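Input: a single structure, listed below in structure tokens.
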Amino acid sequence: MSPKHILIIDDVITTGNTIENMCKCILNKHPNIKISIACLGIAKSNK
């Protein structure tokens, strides 16, 4: 049985690279899955 929905919880998103790579890996294995992301904070970029 394949999962239908996954929730990723992170404390702070800084660049978004970790979340992006996690989503890519999950979608590669389960292309029809729904992914939700929850975080406590988003760090400001100095760009």
Fill in: Looking only at the range 17-29, and only at residues there that are surrounded by 10 or more Cβ atoms within 10 Å (Cβ to Cβ) and over 18 Å from Pro3 (Cα atoms), the one that is nearest to the chain's Cα centre (by Cα)
Ile19
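Which residue out of Ile37, Ile6 is under 8 Å from the mean Cα position of the chain (by Cα) and part of a strand (DSSP E or B)?
Ile37
Is it the case that some residue within the range 15-31 is outside any helix (DSSP H, G or I) and of a type in the set (Lys, Arg)?
No, the range 15-31 contains no residue that is outside any helix (DSSP H, G or I) and of a type in the set (Lys, Arg).
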Worksheet item: Scanning for something surrounded by 10 or more Cβ atoms within 10 Å (Cβ to Cβ), β-branched (Val, Ile, Thr) and either out of contact with any strand residue (DSSP E or B) (no Cβ under 8 Å at 6 or more places or on another chain) or in contact (Cβ under 8 Å) with a residue 24 or more places away in the chain (or both), does the range 3-12 turn up at least one residue?
Response: yes
Worksheet item: Considering only the range 30-47, how many residues are closer than 20 Å to Ser2 by Cβ and surrounded by 10 or more Cβ atoms within 10 Å (Cβ to Cβ)?
Response: 5
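Laboratory data are not the source of any read-out in this text; all were calculated from the coordinates shown. All values reported here derive from a predicted model rather than from experimental measurement. A quick note on method: Cβ atoms are made from the backbone with ideal geometry, for glycine too, and the neighbour counts reach across all protein chains shown.
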